[in-house]
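The values are calculated or read from the model by the stated rules, or taken from the named source; none is laboratory data. Because the structure is a prediction, the values reported are computed rather than measured. Note that each Cβ is placed from the backbone with ideal geometry, even for glycine, and that neighbours are counted across all protein chains shown.
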């Protein structure tokens, strides 16, 4: 099943669903013929699409809206905050090519502050699935939640078999480890699988947590990892500010604890535009490079359990 | 319209203007922008919209979206006079025990959507119009914007999209009072020829005197103006209408009068001489 097939089946089974796009049809090419009037393309008008989605939601609809991540979250930000956030309307934001997935487009298209600004809206839920299987497993619950929701769309195919039971507010704990735990979301999950294998060959005990529900956040998964491991690593295709590293810090403060945390994120910079694999290499986000950085970190310090 | 009906509307509008004046103290409100659209709102809720106390949540009702939200005293005054809202609730203005403040809030029954950030409700109203059409319902969907609000590109975006989708159940009403917050529209971002602009986007336009109930009736009764275009009604109005001492003045947008001035303005509304206003002349909110 693909994203489009799931959306089609959902919309055909439930007439509350309306599919909208700001002329970003990558995910919904066949929808006009299938959904007819319940497919609305507003043209390249992200803010107007969000306003109209709010109006449709006032009438009991559940609009699933599609646009490029950076324009959806930033150009239309005030409409999302004001027209969806204030009245808490169940409009579902499907954000195309978030993070590194914008590969060669350049900084205009790099949504690497999307998690930060979306999670700042009261009531807005935020999700970043690891791959297509993870995404499709999560969407039915995200779409049936009464809240507005932001989803980093990720339709990359992997061989990994996810825990099929998705719960809003729950991370997927893939493995627990006593030396290091990798906290990751979105497409970098693939790279961290490689990191885990490399570190285990070095004799390390490695935990891996798929933080697919970023808001509500699975604080317990973070606190458990901090308790069990000498080192936590947050890995995200996002600015260092406001993303997972920040969420981990906030969690520690709320629970009067701390830990050794290595953040792997974009520090005050946009990334070099190129095809995805080249971006990962250039910016140091390959599984191998992440493993190398972790080994250096472990050697640099005598890390005891926090 | 019968003369009797017209006189009744004028009486209601006078009462609404009294409410607006009474709200223009103890913190104040956007008096000028409220007075300009009082006749429009009184007409629409008295004579045109299928909106009454019994159908405020019915999907069959008509919708009025107040996009220039700072004129909410005119809306609440109208609600109070037409029995949609308890008059005593106006005493809660700016009190934390209620939701009656400088912009509309949906906690007041009859308010379809909150506003305050300009340029939002054209698209929200368009979403409602889409749904009414999908369900083959004949609800009228009206969105009232200010003229200064037309500076916002999102208004024109919504007009463009509504025309593309041939939403003829959607009507944009412009309260053309010639002023934005601090200056005349034509001195800052000129809008004329305004009807031509909307026509060029693909709307059908009617321009009227927004203080003349006969013209209001004629224009709104003619809706939809087209079988395949959104309608636009440009209502030429006067900012501060009803109070010659503040009419059409750039410095009387937000007003916070003292108690003596309020007394005098209420008399002025009923034909007494102009009030000598000494309270702060320009407060920009």
Assess whether residue B:105 counts as being at pLDDT 95 or above, surrounded by fewer than 21 Cβ atoms within 10 Å (Cβ to Cβ) and away from every other protein chain (no Cβ under 14 Å).
no
Within segment B:85-102, does at least one residue satisfy the condition of being more than 26 Å from residue B:214 (Cβ to Cβ), within 14 Å of chain A (Cβ to nearest Cβ), touching a helix residue (DSSP H, G or I) at 6+ places or on another chain (Cβ under 9 Å) and surrounded by fewer than 24 Cβ atoms within 10 Å (Cβ to Cβ)?
yes
Give the residue that is farthest from the other protein chains (Cβ to nearest Cβ), with candidates limited to residues of segment A:62-73 that are surrounded by 24 or more Cβ atoms within 10 Å (Cβ to Cβ) and under 20 Å from residue B:125 (Cβ atoms).
A:65
Output for segment A:121-153, where each listed residue is more than 16 Å from residue A:67 (Cβ to Cβ) and without any contact (Cβ under 8 Å) to a residue 60 or more places away in the chain:
A:121, A:122, A:123, A:131, A:133, A:137, A:141, A:142, A:144, A:145, A:146, A:147
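Which of the residues that make up segment B:108-152 are surrounded by fewer than 17 Cβ atoms within 10 Å (Cβ to Cβ) and within 14 Å of chain A (Cβ to nearest Cβ)? Walk me through how you get there before you give the answer.
Residues of segment B:108-152 surrounded by fewer than 17 Cβ atoms within 10 Å (Cβ to Cβ): B:109, B:135-138, B:151.
Once the filter is applied, which keeps residues that are surrounded by fewer than 17 Cβ atoms within 10 Å (Cβ to Cβ) and within 14 Å of chain A (Cβ to nearest Cβ), segment B:108-152 yields B:135, B:136, B:137.
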Among the residues in segment B:16-39, are any crowded, with 19+ Cβ neighbours inside 10 Å, within 14 Å of chain A (Cβ to nearest Cβ), within 24 Å of residue B:269 (Cα to Cα) and without any contact (Cβ under 8 Å) to a residue 60 or more places away in the chain?
no
Has segment A:94-107 got any residue that is over 23 Å from residue A:283 (Cβ atoms) and touching a residue at least 12 places away in the same chain (Cβ under 8 Å)?
yes
Close pairs (6 angstrom Cβ cut-off, 6 or more residues apart or separate chains): more than 8 Å from chain B (Cβ to nearest Cβ) and free of Cβ contacts under 8 Å to residues at least 60 places away in the same chain in segment A:31-59, assigned to a helix (DSSP H, G or I) and buried (at least 24 other Cβ atoms within 10 Å of the Cβ) anywhere:
A:46/A:72
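Let's see how each residue does on (1) out of contact with any strand residue (DSSP E or B) (no Cβ under 8 Å at 6 or more places or on another chain); (2) more than 24 Å from residue B:106 (Cα to Cα):
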position	(1), (2)
A:8	yes, yes
A:32	no, yes
A:43	yes, yes
A:49	no, no
A:82	yes, no
A:113	no, yes
For residues that are in contact (Cβ under 8 Å) with a residue 60 or more places away in the chain and not in a loop (DSSP other than H, G, I, E, B), tally how many sit in segment A:164-180.
1
